[in-house]
Amino acid sequence: ATATIVENTRNLSLDQIGALGAGADCFVSVHLNSFNRNVQGHEVLIDRNGTDADLRFATAISQELDRSLD
């Protein structure tokens, strides 16, 4: 398996980011939300047609971020 990491420095839309994962076995999109340059929380997104396994994986990532981030 290969991994592609995209740092969104080009302000791509969610659709454009999602297109980069087309055909992948797994696509995870992690977002650190901010307001006034302060991180306010995170989101872990999966494809709306994702499987139960995708949801479990995204949930595990989100829970780990909860434990790891202030």
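The values are calculated or read from the model by the stated rules, or taken from the named source; none is laboratory data. Worth saying up front: this structure is predicted, and the values here are computed from it rather than measured. Glycine gets a Cβ as well: all are built from the backbone with ideal geometry, and neighbour counts include every protein chain shown. Protein only, heavy atoms only, side chains kept; ligands, DNA and RNA dropped before computing areas. Shrake-Rupley method; radii C 1.70, N 1.55, O 1.52, S 1.80 Å.
A Cβ distance below 7 Å, combined with a sequence gap of six or more or placement on separate chains, defines the contacts here; from the range 32-60, residues that are among the polar types (S, T, N, Q) reach residues that are at pLDDT 85 or above and open to solvent by less than 100 Å² (accessible area, probe 1.4 Å) in the pairs Asn33/His42; Asn33/Glu43.
Restricting the search to the range 46-67, which residues are touching a strand residue (DSSP E or B) at 6+ places or on another chain (Cβ under 6 Å) and small (Gly, Ala, Ser)? Don't jump to the end; show me each part of the working.
In the first step, residues of the range 46-67 are kept if they are touching a strand residue (DSSP E or B) at 6+ places or on another chain (Cβ under 6 Å); the result is 58, 61-62, 65.
Within the range 46-67, Ala58, Ser62 qualify.
Return the residue satisfying two criteria in turn: it lies in the range 12-49 and is in a loop (DSSP other than H, G, I, E, B) and modelled with pLDDT of 80 or more, and of such residues it is surrounded by the fewest Cβ atoms within 10 Å (Cβ to Cβ). This residue is Ser13.
Just the residues that are in a loop (DSSP other than H, G, I, E, B) and either in contact with a helix residue (DSSP H, G or I) (Cβ under 9 Å, 6 or more places away or on another chain) or over 17 Å from Asn33 (Cα atoms) (or both), please, taken from the range 50-69. Gly50, Thr51, listed by residue number.
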